[in-house]
1. Could you tell me what % of all Cα pairs in segment 380-437 have separations over 16 Å?
2. Given Ser496, Phe442, Asn564, which one lies farthest toward the positive end of the charge dipole of the chain, if we put +1 on the Cβ of every Lys and Arg and -1 on the Cβ of every Asp and Glu?
3. Does segment 41-165 come out rounded, prolate or oblate by the C-alpha gyration tensor, with a ≥ b ≥ c the root eigenvalues, rounded set by a/c under 1.5 and, if not, prolate when a/b is larger than b/c and oblate if not?
4. Please identify which residues in segment 312-332 have an amide N closer than 15 Å to a label point set 7 Å out from the Cα of Ser349, following the Cα→Cβ vector.
5. List Cys219, Cys541 from most exposed to least, where exposure is judged by having the fewest other Cβ atoms within 10 Å.
6. Arg257 label point, 7 Å along Cα→Cβ, cut-off 13 Å on backbone N: hits in segment 203-238?
7. Taking 0.36 nm per residue of sequence separation and subtracting the Cα-Cα distance, how much length would be gained by fully extending the chain between Thr455 and Ala321, in nm to one decimal?
8. Using the per-residue mean of other Cβ atoms lying within 10 Å as a proxy for protection, in what order, highest first, do the peptides 418-424, 714-720 fall?
Amino acid sequence: MAKSAVTNDIADAGIFNPGGFDVSSVVADPHDATGKTVYATVMGFAGNGANAPHLYRSTNGGASWANISGNLPNAPANGVAIDPNDANTLYVAMDTGVYVTTQVTTCTSANCWSVYGVGLPNAPVVALDAATGLATGDGRYGELRAATYGRGIWQIPLLTAAVPATPAMSLSQASLTFATQAVATASAMQTIMVTNTGNAALTVSQIVASGDFSETNTCVGTAVGAGGTCSVEVKFAPTAVGIRTGMLTVYGNVPGRQAIAPLTGVGVPPASIVLSPLTLTYSGTNVGSASAAQNITISNTGGITVSLQAPVATGDFAITANTCGATLVANVGCTVSVVFRPTASGARSGNFSVSDSVGTQTASLNGQGLLPATDSLAPLTLSFGGQQLNTVSATQQVMLTNSGDTALTLVSAQITSGDFTVVNGCGNSLNGHSSCALVVAFVPKNVGVGTGVLTIADQFRSQTVALSGTGIAPPGVSLSPLSGLTFTETGFGMTSAAQTVTLTNNGGMPLLIQSLSVTGDFAIVSGSNTCGSSLAVAAACTLQIAFTPTTGGTRAGILTLVDNATSSPQRMQLVGTGVDFALAANGSTTATVSAGAQAVYPLLLTSATGVPGTVTFSCTGAPAYSTCLVNPSSQTLGGTATISATVMTNVASLRLPVRPGTEPFIWLVGLVPIGLLALRYKRLRNATMLACLLMMAGCSASRLIPGSGSNPGNPTPSGTYNLTVSGVSAGLTRSVGLTLIVK
């Protein structure tokens, strides 16, 4: 460790483990998803001049450490365990027992450690392990296990051990007992409260009342939170005389699955007046509207006439028709019509009652109020940014919300104008208290600002959403020159002068360049490409192409541009002419002659059919008083041709002005064997003048080398000479080496 590894241990000069003791464990904090929070324990005792911090903490993966030993005893630390429920709670195994802190972040500067648990044997604790799934025996879960040296494994609940979250159900009354009730009549309701005594949501799936008992409740279908309650209303309606029993069973997601309450009541002989039915239940009815009427029959089952008072309906219920009078004779009935007019949504209840000379008879009234459907729409405008023509934009949503209790029907959506599309995620109906999305996209067909209208219709009305967006021309590309690039004749393996290609974005969007590549004997000149990965609207960039033929003849290639334009890929034709030929001996490359004789070397010029250009020949290395002439001096390429190189010895040269194109004549006239120089000067001058005339060029004064006959004054020196015949075309040079031996 570096000396600066510990940030808060000035006494040890920031040195990690200054005593050099064994590091007994390194543990990563599982609460830190980055894995950079790490703890390290050190074995050893301080003393004899050595310091011994026992516990370190790092939050940067070990790049630096903090000494968190605090008030731990001077004893070896053997292991560490992080509480699986709390990153701030840490347990340390030491030779002297187990220690704990619940605020590990304070241990760098404060005494934070406490002994944990009692009853451990007097032995070193060598390892710790924590598990959240182990039962503690008292209803909680979460155990810490400590391994001791030679004294077994011990366990103790974690500081964070807790009871698992589960619902529990209790009833406010263990049983219900009803007073005596006339047969075929209903008692007043009694209430049992269902309480969730657990710490997780209670779901009541069903409530059943057996025997001559019935119930209504607010529990089924409602999640009851921890500590919350719901109610069960129980009514007794005996069907026979005597003791009547039943059972209220509440089913839920609790251990045992149910809670029960016995029900007891006593049926007595019926009164003279009987109501039928004893309960009216109405289906869902919109708030502010009236349901269909239902009838309750009032019957006199006794043997004498009874007096009746006007019947009464309470709550959101009303009597709309009544055939009963002030009296009701024996064995006769009358009818009362009752309607439901909800004033709010949800379950609504009331009572129907009628008083007679015997008593008061009641019937229960129940209904469900429904809020009518709504059709709120948002937003009412959608604005799309610029979008390339004939491409689909990112979608935007219009939300249709039904805050009512009933379904919104006849839902439809269509684009009534503009370059837009819509996907109806609502279908043709939308349930109450729900929302759905209408997904809109912009697909422009014209450049410029475009508008449109989305129309959403339902059972109530039609609504519109204003749409707008801007159509943008796609990226456009032009490569110039339009005709492509044509390179002049270039020798094999040589590189031509570079030519420039200009790329222009003439569209309406940035041009995204994916690749620029060439094929064939062509290459993009390094460092010449100024185009990059994108090109702004109306901007241009350049690159240079060079031609390096790999063989002779016409060479073709293609410059290919791949981009996001609709015309991609774009291509430019590349054409160049490669020049290649071979020059070789067509016989022996060595000749031996006497001074005054000539040597002829046959040569062969070969090139592929169609290779253009002309090869110009030259010969170098001839000895003094000799000439080397290549015939012909130039040759057109495109096939095979024979060439000869002739070396003439004992030759004197005349200094004649040379006019371009007359070189062959100069050699024919100027290269005269020295033996002929013995002729008289006059004749020589006449010959020279004739040569001048033949060459149509003026002549300067001529010079005759002394000597005559076969013994010239300046013979070609004897010896071995190396000559080179070279052919040049389009900058390409091919050569043949020749050897001349003069005796």
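Just so you know, all these numbers are worked out from the coordinates, no wet-lab data involved. As the structure is a prediction and not an experimental result, all values here were calculated from the model. Don't worry about glycine lacking a Cβ; one is built from the backbone with ideal geometry, like all the others, and counts go over all protein chains shown.
1. Numbers: 861 of 1653 pairs.
Considering segment 380-437, 52 percent of its Cα-Cα pairs are separated by more than 16 Å.
2. Ser496
3. It is oblate, given that a/c is not under 1.5 and a/b is not larger than b/c.
4. Counting backbone N atoms under 15 Å from the label point, the list is 314-317.
5. Result, fewest neighbours first: Cys541, Cys219.
6. 205-206
7. 43.6 nm
8. 418-424, 714-720
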